[in-house]
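Working notes, structure below.
No lab work stands behind these numbers, since they all come straight from the coordinates. Predicted, not measured: the structure shown is a model, and the values here were computed from it. Cβ atoms come from the backbone with ideal geometry, glycine included; neighbour counts cover every protein chain shown.
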Amino acid sequence: FKQKTAYEIGVRLVGSEMCIRDRTICIDYSSPNISKSLAYHHIRSTVIGHSLVQIFRALGYRTVGINHLGDWGTTHGMLIAGAKLWPEALPEPVDVAALGALYQRYRKEMETDPKLEDLARQWFGRLERGDAEARAMWQRFRDISWAEFETVYQQLGITFDEVRGESAYEAAMPGVLEEMAQKGLSKESEGALVIELPGEKAPLLLKTKDGTTLYATRDLAAAQYRWTTYHFTRSLYVVDRGQALHFRQLFAALGLAGHEWASRCEHVPFGLVRLGGKKTGTRAGNVVLLKEVFADATDDVTPRIAENQAQLPPEQVAETARMVGIGAVVFANLVTQREKDVDFTWEKVVSLDGDSGPYLQYSHARCASILRKAGWTSSNVEAAAEAEQLDFSRLAHDAEWAVARRLLDFPEIVARAAQSCEPHGICHYLLDLAGDFSRWYTAGNGDATLRVLCDDEDTRRVRLMLTAAVRATMARGLGLLGMGAPDAM
Ligand code: ARG
């Protein structure tokens, strides 16, 4: 634990020797379907994908975050047909909930009225042929949906490098079909066009018997587009494990077509979210909206922050509450191993002292408060780190060593999280670090000579340096998870 390292691991933790340049990672995440609300179950793809973007970027990769919006397919024929039949179902201003309800109604009425199925198909056909009216209605529904999705992305601090919906691949469809035919991979089966895959019971469906292309066909085109555009090292698809078969088939088909890079494509599956606890399960209707979960979490933590930080102006309390409330929900979805289901229990998620997001943020705020008390600002930290007189041998207590040793693990933890696409490793690391820090800090309660702000000046300085390194590592780690790090809460 040499001089300056405390500061360096905290701030420049992922050193330049670990940087891997000119390597690109494509990350397809969130990718919701338009005209459907961003429901709570969309959160895991969104937060895991966002975290992976931060992690790979920290390691020096070029990352391309892609939102592969579900904005094409026969459901859009139903929506247009429904809007024409029942205009009163879409009162102004039209929102995503109304579009979702219209779709549900159409599906339901289709069961008893087979004419509706034809009508939807006709409208989708018009949309595919570029008919102006169909196109304008589709565009409007897409814009309304995107505006609503974007407010959620803003709350999470997410911007995508590319928002390229399935519709963007329409023009590439003939080329994909031709390639698969030429390579002798596609064949007709009961009127539909499929690719049989060795070892898979189900074939990959390219075209239905009435000639429409499908989700898989567009994914074939999207994968090729990503390869020619980015020449990725890895191309990740953060999508629930229910789609495992789809991705196995997709990558196998690309491999059979002779694309060497198919082996660089990876499905990053995750388990479901089970809602429990007092609030989230009791919403009217059966969808729990993501934006409402964020609002509830924020409301829940606001009084506690206002009470703890009575001196803060209300706007700052509100901003911190948002950071903590949303951070709590984000953390709850990352802390569980990716492939396991998440039990979302409200009380546990927003608790301040369990293994929760707020607990980590609190630990960060506590470091910040110690440094503030000592008059250490970030420039002081840097100045102290540059000064030669720091004597780290003064960090002699076991509790101090535990903290220092933990800090040294951070780069390795980040690298491992990237390799396995598992942000949860970082969650557990930060919980351990917060625990080590808390044990050190509370040791000072019983023994004044162990306090960070002790009387001996040289000792105080190295202890402050250690605290600064914990703070910086905590902030950096929270950032890799897509969470904010408040200075007071
Ligand atoms: N829109 C799809 C859904 O909601 C997810 C798309 C995932 N990405 C992909 N390239 N298939 O199920």
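Using Cβ counts within 10 Å as a stand-in for footprinting exposure, how do Arg463, Arg107 rank, fewest first? All intermediate terms of the calculation are to be shown ahead of the outcome.
Working: Arg463 25, Arg107 15.
Least to most surrounded, the residues fall as Arg107, Arg463.
For the residues Asp343, Asp436, Asp71, what sequence is obtained by ranking on other C-beta atoms within 10 Å, fewest first? Mind showing how you got there, number by number?
On the way: Asp343 15, Asp436 20, Asp71 23.
By the 10 Å Cβ count, ascending, the order reads Asp343, Asp436, Asp71.
Given +1 on the Cβ of Lys and Arg, -1 on the Cβ of Asp and Glu, and no further charges, what dipole in debye does segment 295-435 carry about its Cα centre, rounded to the nearest 20? Don't skip to the end; give the middle numbers.
Working: 12 positive and 22 negative charges, 34 e Å.
In total the dipole reaches around 160 debye.
In Å and on Cα atoms, what radius of gyration and Dmax does segment 139-206 show?
For segment 139-206, the Cα radius of gyration and maximum Cα-Cα distance read 18.1, 48 Å.
With 10 angstrom as the radius, rank Trp401, Trp346 by how many other C-beta atoms surround their C-beta, starting from the fewest. Walk me through the numbers on the way to the answer.
Details: Trp401 14, Trp346 21.
Taking fewest neighbouring Cβ atoms as first place, the list is Trp401, Trp346.
Report relative contact order for segment 108-233 in percent, whole number only (criteria: Cα-Cα under 8 Å, sequence separation at least 6). Let's see the in-between values first.
Working: 81 pairs, mean separation 17.9, N = 126.
Averaging sequence separation for qualifying contacts and normalising by length gives 14 percent for segment 108-233.
Angle, helix 43-58 long axis vs. longest principal axis of the chain, Cα atoms, 0 to 90°, nearest 10?
60 degrees
With just the Cα atoms defining each centre, how far is segment 369-438 from segment 57-120? Give it in Å.
Here the two parts' Cα centres lie 48 Å apart.
Quick check on segment 93-159: take the gyration tensor over C-alpha atoms, sort the square-rooted eigenvalues as a ≥ b ≥ c, and tell me if it's rounded (a/c under 1.5), prolate or oblate.
Oblate shape, in that a/c is at least 1.5 and b/c is the bigger or equal ratio.
Decide, for segment 105-144, between rounded, prolate and oblate: order the square roots of the alpha carbon gyration tensor eigenvalues as a ≥ b ≥ c, take rounded if a/c falls under 1.5, and otherwise choose prolate if a/b is larger than b/c, else oblate. Spell out each step's value before the answer.
Details: a/c = 4.21, a/b = 1.65, b/c = 2.55.
Taking the square roots of the gyration eigenvalues as a ≥ b ≥ c, segment 105-144 is oblate.
Considering only DSSP beta bridges with both partners in the chain, what is the antiparallel share in %, to the nearest 5? Before the final figure, lay out the partial values.
Numbers: 9 of 29 bridges.
Around 30 percent of the beta bridges assigned by DSSP in the chain are antiparallel ones.
Can you tell me which of 442-453, 154-165 comes out highest on packing, and rank the rest after it, using the mean Cβ neighbours within 10 Å?
On the way: 442-453: 13.0, 154-165: 17.2.
Per-residue mean Cβ counts within 10 Å order the peptides as 154-165, 442-453.
I need the Debye-formula profile for the chain: one equal scatterer per C-alpha, no solvent, reported as log10 I(q)/I(0) at q = 0.13 1/Å, two decimals.
For the requested q values the scattering log ratios are -1.23.
From the helices alone, meaning DSSP H stretches of at least four residues, give me the mean residue ellipticity at 222 nm for the chain, per-run term -39500 (n - 2.57), in deg cm²/dmol to the nearest 500.
Working: 18 runs with 269 residues, N = 489.
After summing the helix terms and dividing by residue count, I get -18000 deg cm²/dmol.
Can you bin segment 123-268 into rounded, prolate or oblate? Criterion: square roots of the alpha carbon gyration tensor eigenvalues sorted a ≥ b ≥ c, rounded for a/c under 1.5, prolate for a/b above b/c, oblate for the rest. Please list the in-between numbers first.
On the way: a/c = 1.96, a/b = 1.23, b/c = 1.60.
Oblate is the answer for segment 123-268, as a/c is 1.5 or above yet b/c matches or exceeds a/b.
Let me have the relative contact order for the chain, percent, based on Cα pairs under 8 Å that are six or more residues apart.
Details: 761 pairs, mean separation 98.7, N = 489.
RCO, the chain: 20 percent.
Hey, what angle do you get for helix 173-182 against the long axis of the chain, alpha-carbon based, 0 to 90 degrees rounded to 10?
Helix 173-182 and the main axis of the chain meet at about 80 degrees.
Taking R0 as 56 Å, what FRET efficiency do you get between Asp398 and Glu260 from their Cβ-Cβ distance, rounded to the nearest 0.05?
Values: r = 53 Å, r/R0 = 0.94.
My answer for the efficiency is 0.60.
Quick one: compute the contact order of segment 149-296, relative version, from alpha carbon pairs under 8 angstrom and 6+ residues apart, as a percent. Show your work: numbers first, answer last.
Working: 142 pairs, mean separation 26.8, N = 148.
Once normalised by length, the contact order is 18 percent.
Could you state the principal axis extents of the C-alpha atoms in segment 361-438, from the largest down, to the nearest angstrom?
40, 26, 24
Place the peptides 357-363, 37-43 in order of packing, highest mean first, counting for every residue the other Cβ atoms within 10 Å and averaging per peptide. Show your work: numbers first, answer last.
Details: 357-363: 25.0, 37-43: 20.6.
Top to bottom by mean Cβ count within 10 Å: 357-363, 37-43.
Could you give the angle, 0 to 90 degrees to the nearest 10, between helix 457-481's Cα long axis and the longest principal axis of the Cα atoms of the chain?
The angle comes out at about 10 degrees.
May I ask which of Lys36/Lys291; Lys84/Lys115; Lys115/Lys209 have a Cα-Cα span longer than 22 Å here?
Numbers: Lys36/Lys291 13 Å; Lys84/Lys115 14 Å; Lys115/Lys209 18 Å.
Exceeds cut-off: none, every pair is within range.
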